[in-house]
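The values are calculated or read from the model by the stated rules, or taken from the named source; none is laboratory data. None of the values given here were measured: they were computed from a predicted structure. Neighbour counts run over all protein chains shown; Cβ positions are idealised from the backbone, glycine included. Side chains included, ligands, DNA and RNA excluded: accessible areas come from the protein's heavy atoms. Shrake-Rupley method; radii C 1.70, N 1.55, O 1.52, S 1.80 Å.
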Amino acid sequence: MNNISGQFRKTIWDPFLIISQIIAVQSIMYVCLGLWIWIIALFLGSTKSLDYAFHYKEIHVRDFAGQLTIIIFILNALIGAFALWWLVQRTKQCMDFACTAHLIHLLCCWVYNASFPSTFSWWCLNIVSLSIMCVCGEFLCMKTELQAIPLGMNSHKTAL
């Protein structure tokens with residue numbers, strides 16, 4: 001093994017892997033967000049709509065529906081953290097993937113609304129969501145990366 005840089009795991013530039021991971025993380029986040037929306041729509045007795053996911057005026061604290069929308073975005077950030085842990089598996093890349101997922105969401109919201117998100121609550125929620133996803137994803141990945149590596153000292157006992 002020719003590892004001159006001293007890194008434990010060599011990083012190889014693989015654009016196909018990176019794009020696949022971005023698509024997988026985004027897909028998991030939107031599928032789970034869709035499930036959360038379906039659950040709260042059943043709970044509230046309202047129609048299921050993409051507005052809950054993309055219409056930035058749905059994010060507010062004025063009524064119970066807006067507060068539930070905020071809660072599902074926070075819960076979805078935790079699911080995003082688990083997606084990072086499961087798919088990316090690298091602490092150093094969690095912030096990149098979390099920012100990419102939220103940037104894609106910003107672009108989707110911009111296209112869906114035909115205007116740039118301008119509400120304070122939308123920006124606050126997305127910054128909090130990004131932070132939760134990044135920090136929790138880093139924690140999970142770091143916990144996995146720092147697990148003790150067995151050296152096998154006890155498994156190879158020699159007879160004296």
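Observations, loosely collected:
- Think of a 1.4 Å ball rolled over the protein heavy atoms: the chain then has 67 Å² of accessible area per residue.
- The mean sequence separation of alpha-carbon pairs under 8 Å and at least six residues apart, normalised by the residue count of the chain, gives a relative contact order of 26 percent.
- Loop-located trypsin sites (Lys or Arg not before Pro) in the range 21-66 (DSSP state not H, G, I, E or B) with no more than 14 neighbouring Cβ atoms inside 10 Å: LYS48, ARG62.
- Longest stretch of the chain clear of exposed loop sites (chymotrypsin sites (Phe, Trp or Tyr not before Pro), DSSP loop, at most 11 other Cβ atoms within 10 Å, sites excluded): 14-160.
- Square roots of five times the Cα gyration tensor eigenvalues for the chain, Å: 40, 18, 13
- Rounded to whole Hz, the Karplus (6.51, -1.76, 1.60) HN-Hα couplings of the range 45-50, x for glycine and proline: x, 9, 6, 6, 8, 5
- Heavy-atom accessible surface of the range 10-160: percent carbon and sulfur, 1.4 Å: 73
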